[in-house]
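Here is the structure we will look at.
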Amino acid sequence: MARNIQSLERAAAMLRLLAGGERRLGLSDIASTLGLAKGTAHGILRTLQQEGFVEQDEASGRYQLGAELLRLGNSYLDVHELRARALVWADDLARSSGESVYLGVLHQQGVLIIHHVFRPDDSRQVLEVGAMHPLHSTALGKVLSAYDPVAHSEVTEVDRKAFTPRTVTGEREFEGVLDLTRARGWGCDVEETWEGVASVAAPIHDRRRLPVGAVGITGAVERVCADGELRSELVAAVRDCARAVSRDLGALRF
């Protein structure tokens, strides 16, 4: 069995201690409560302070939780609120479209799938929650890259690999794809990531009108497209779903 890392356990205990009880605690209080030598406690606190997880009050010398923890907490809450708000609408989209529905957010130069609704038939399917999809070739990734400046910056740094002959990899051509995505309000992927598979996605915004994710459908080309074009009713359904989730997040103009 793998052994736990003692220093990390002590750091976690400190953060829990600072999160409860008094707002600020001194070094002696922290050390005695956790049964640590002052030198050990001070070293851990100094490291946490350098990382922004702990702050020290200049006047009293006492410690409190830092802003970096708040940022991480808000990120966690944003993702989970997005997923919670999208559950019903994603189910409705799967039923109305007859296709799989994916909810994705930007993560580590890719698209992290945070919710996946199976295609409503009896076919065998694999749950993809937690999977990473490419930014440059998927409908979800194109939407995030078009609307989120951070995602746009990330996608310019990644290797835009050609997964199929249809994948757009050139910088100028890809920027043209993003311009078209913004102009239409939705993005697509027709056999650019997987042969025989097509996707449509639209952006989700929060109460600050910031892009926080994307929702889309994925299915066989012959079902998602007709006469060489994406089926307009599927595009409309995806956009309606994205607007509904955005409204639930407080983006009243969507």
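The values are calculated or read from the model by the stated rules, or taken from the named source; none is laboratory data. Computed from a predicted structure; not experimentally measured. Note that we place each Cβ from the backbone using ideal geometry, even for glycine, and neighbour counts take in every protein chain shown. Accessible surface is based on the protein model in full, side chains and every heavy atom, while ligands, DNA and RNA are left aside. Shrake-Rupley method; radii C 1.70, N 1.55, O 1.52, S 1.80 Å.
Suppose every Lys and Arg Cβ carries +1 and every Asp and Glu Cβ carries -1, with no other charges. What dipole size does region 95-159 come out with about its Cα centre, to the nearest 20 debye?
200 debye
Give me, ordered by chain and number, the residues 5 or more places off Val54 or on other chains with an amide H under 5 Å from its own placed amide H.
Result for Val54 returns Gln49, Gly66.
Between Val190 and residues 5 or more places away or on another chain, which pairs have amide H atoms under 5 Å apart, with H built 1.01 Å from N, and which residues are they?
Ser199
Using a Gaussian network for the chain with springs between C-alpha atoms less than 10 Å apart, which of these wobbles most: Gly187, Gly141, Gly43?
Per the Cα network of the chain with a 10 Å cutoff, Gly43 tops the list.
In the chain, once you exclude exposed GluC sites (Glu not before Pro) (DSSP loop, at most 12 other Cβ within 10 angstrom), what's the longest stretch remaining?
Maximal segment without exposed cleavage sites: 59-194.
When every alpha-carbon pair in region 137-233 is counted, what percent end up more than 15 Å apart?
So the portion of pairs separated by more than 15 Å is 60 percent.
Mean separation of Cα pairs under 8 Å and 6+ residues apart, divided by the residue count of the chain: what relative contact order is that in percent?
Relative contact order, the chain: 14 percent.
What is the magnitude of the charge dipole of the chain about its Cα centre, with +1 placed on the Cβ of each Lys and Arg, -1 on the Cβ of each Asp and Glu, and no other charges, expressed in debye to the nearest 20?
820 debye
Using θ = phi - 60° and the Karplus form 6.51 cos²θ - 1.76 cosθ + 1.60, what ³J(HN,Hα) does each residue of region 177-185 get, whole Hz, x for Gly and Pro?
With the stated coefficients, region 177-185 comes to 5, 5, 4, 5, 4, 5, 5, 8, x Hz.
On each of the three principal axes of the Cα atoms of region 39-152, give max minus min coordinate, whole Å, ordered largest first.
63, 26, 22
Just subtract the alpha-carbon distance of Arg16 and Ala226 from 0.36 nm times their residue separation and send over the number in nm, one decimal.
Length gained, Arg16 through Ala226: 70.0 nm.
Return the carbon/sulfur percentage of the accessible area of region 183-224, one whole number, probe 1.4 Å, all protein chains in place.
55 percent
Residue by residue, what Karplus-based ³J(HN,Hα) values in Hz, rounded to whole numbers, does region 38-43 have, using 6.51, -1.76 and 1.60 with θ = phi - 60° and x for Gly and Pro?
Computed from phi, the couplings for region 38-43 are 4, x, 5, 4, 5, x Hz.
For n ≥ 4 DSSP H runs only, could you compute -39500 (n - 2.57) per run for the chain, divide by its residues and tell me the 222 nm figure to the nearest 500?
Value at 222 nm, helices only, nearest 500: -15000 deg cm²/dmol.
Mind checking the per residue accessible area of the chain for me, 1.4 Å probe, whole number of Å²?
55 Å²
Would you kindly derive the ³J(HN,Hα) couplings of region 194-201 from the backbone phi angles with the Karplus curve 6.51 cos²θ - 1.76 cosθ + 1.60 (θ = phi - 60°), listing them in order in whole Hz, with x for Gly and Pro?
Couplings: 10, 4, x, 10, 10, 9, 9, 9 Hz.
For every other residue with a beta carbon closer than 13 angstrom to the beta carbon of Leu36, add +1 if it is Lys or Arg and -1 if Asp or Glu, then tell me the sum.
Value of the local net charge: 0.
What's the long-distance tail for the chain, i.e. % of Cα pairs beyond 27 Å?
Everything past 27 Å amounts to 48 percent.
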